[in-house]
Structures are given as structure tokens and as C-alpha cells.
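Presented below is the structure to which this report refers.
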Amino acid sequence: MGLQIELGDITTYRVDAIVNAANRTLLGGGGVDGAIHRAAGQKLLEECKTLGGCETGEAKITGGYRLPAKYVIHTPGPIWYGGSRGEAEKLRSSYANSLRLAEEAGCKTVAFPSISTGVFHYPQDEAAGIAVHTILTFLKTAKSVQRVIMVCFDRKTLAAYERALHAAQASS
């Protein structure tokens with residue numbers, strides 16, 4: 001099973017959990033965050049209001065409501081400031097903490113968007129490398145999570161993740 005990379009709309013994936021590239025309020029926003037909130041409906045926002053936000057690199061889990069996914073795992077990725085403010089470690093933490101929550105919830109399948117590469121301006125190739133490495137490392141010891149799907153919104157993102165996966169496979 002392992003890691004798959006696909007072009008698609010994450011809100012349509014029938015998986016145990018989808019990951020939301022959230023902001024720290026967890027109350028919705030633009031991009032994938034807004035799309036997930038719109039697709040899940042008002043009850044997602046109501047549950048998110050009870051969570052008290054979430055720090056960058058951390059993750060929190062909610063129900064999926066009207067989504068085909070059972071859960072939504074919300075993680076605020078880092079805003080890109082040039083790489084000197086611990087962005088790489090925070091991005092790694094966003095993926096690792098999301099996977100840890102999925103594992104704790106007994107999820108077998110998890111779909112991720114490309115965290116921080118939209119309005120947070122993280123360089124795509126660098127973000128893809130961090131994501132792929134973190135996911136592949138996690139999968140080596142995962143107990144319940146068997147399949148992770150990187151759901152790419154456009155062909156440019158898809159190409160970046162395919163390059164990162166190819167590089168990771170070539171070096172292992």
C-alpha cells in the first residue's frame with residue numbers, strides 16, 4: 001500500500017481521515033481549508049469552535065460530518081519566511097502529528113493536501129521533500145495506517161510530489 005500521489009479534490013476522498021491544512025484558529029479560511037469546511041458543513045465549524053485553536057505544527061481531530069471521510073485532522077502548517085524561522089521542523093511536525101492522531105484513531109487510510117504551499121508560500125519542492133520523507137518514515141513503523149494519499153490540487157504540485165517520491169525511492 002504505502003504512499004500514493006494523485007491529482008484530485010481531497011473533499012471527495014472516501015478514506016478514514018483527510019488532513020486539513022488549517023490556520024491556527026481552525027475556523028476555516030481559504031484554499032483547501034475553506035473547501036473542507038464548505039463540504040463538511042456547519043457542524044464541523046461548531047466542533048472546531050470547541051477546540052481552542054491549534055499551534056503551528058500541532059494537530060487536532062474532528063468528525064468528518066458531510067465529508068466521505070470519517071475524520072478531519074486539522075494542522076496549521078508554517079508560513080514561509082525564508083526558512084530561517086524553523087519552518088522545516090514545523091512542517092515536519094504537521095505531517096508527523098497528523099499521522100500520529102490518525103494512528104491513535106485507528107485509521108487505515110489518510111489523505112493529505114500539500115501543507116503550507118498555497119497561501120503560506122512554502123516552496124513546493126522543499127515542502128514535497130519534507131512531506132514524502134516524513135510519511136515514508138512513519139509508514140515503516142505504523143500499526144494501523146496502511147495507505148497515505150497525497151492529494152494534489154494541480155499538475156505543478158503533483159509533479160513536485162512525484163519528484164520527491166522518486167528521489168526518496170532512489171536514495172533508499
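Provide a single number: the residues in region 39-65 that are on the phi < 0 side of the Ramachandran plot and in contact (Cβ under 8 Å) with a residue 24 or more places away in the chain.
13
Give the residue, chosen from VAL151, VAL132, that is under 16 Å from PHE112 (Cα atoms), β-branched (Val, Ile, Thr) and not in a helix (DSSP H, G or I).
Result: VAL151 is the single residue among VAL151, VAL132 that is under 16 Å from PHE112 (Cα atoms), β-branched (Val, Ile, Thr) and not in a helix (DSSP H, G or I).
Which ones in region 117-128 are open to solvent by less than 10 Å² (accessible area, probe 1.4 Å) and not in a helix (DSSP H, G or I)?
Scanning region 117-128 gives a single hit, TYR122.
Yes/no matrix, rows are residues, columns are (1) more than 27 Å from ALA142 (Cβ to Cβ); (2) open to solvent by 30 Å² or more (accessible area, probe 1.4 Å):
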{"site": "ALA17", "(1), (2)": "no, no"}
{"site": "LEU27", "(1), (2)": "yes, yes"}
{"site": "ALA40", "(1), (2)": "no, no"}
{"site": "ALA59", "(1), (2)": "no, no"}
{"site": "ALA69", "(1), (2)": "no, no"}
{"site": "VAL72", "(1), (2)": "no, no"}
{"site": "GLY77", "(1), (2)": "no, no"}
{"site": "TYR81", "(1), (2)": "yes, yes"}
{"site": "ARG92", "(1), (2)": "no, yes"}
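Could you please give the count of residues in region 42-56 that are closer than 15 Å to GLY29 by Cα and loosely packed, with under 13 Cβ neighbours inside 10 Å?
3
Looking at (1) modelled with pLDDT of 95 or more; (2) crowded, with 17+ Cβ neighbours inside 10 Å, which is the only condition ALA159 fails?
Only one criterion is unmet by ALA159, namely (2).
Looking at region 84-100 only, could you name the residues that are in contact with a helix residue (DSSP H, G or I) (Cβ under 7 Å, 6 or more places away or on another chain) and of a type outside the set (Ser, Thr, Tyr)?
Those that are in contact with a helix residue (DSSP H, G or I) (Cβ under 7 Å, 6 or more places away or on another chain) and of a type outside the set (Ser, Thr, Tyr): ALA88, LEU91, ARG92, ALA96, LEU99.
Can you pull out every residue in region 135-148 that is surrounded by 19 or more Cβ atoms within 10 Å (Cβ to Cβ) and either touching a Phe, Trp or Tyr at 6+ places or on another chain (Cβ under 6 Å) or within 11 Å of GLN4 (Cβ to Cβ) (or both)?
ILE135, VAL148
Look at region 101-111 and say how many of its residues are assigned to a helix (DSSP H, G or I) and surrounded by fewer than 16 Cβ atoms within 10 Å (Cβ to Cβ).
Looking only at that region, the number is 1.
From the list GLU126, GLU103, pick out the single residue that is closer than 26 Å to THR50 by Cα, out of contact with any helix residue (DSSP H, G or I) (no Cβ under 6 Å at 6 or more places or on another chain) and of a type in the set (Asp, Glu).
When all the criteria are applied, what remains is GLU103.
The values are calculated or read from the model by the stated rules, or taken from the named source; none is laboratory data. Keep in mind that this is a model prediction, so the values were computed, not measured. Heads up, the Cβs are rebuilt from the backbone with ideal geometry, glycines too, and the neighbour counts pull from every protein chain shown. Keep in mind that these areas ignore ligands, DNA and RNA; they rest on the heavy atoms of the full protein, side chains included. Shrake-Rupley method; radii C 1.70, N 1.55, O 1.52, S 1.80 Å.
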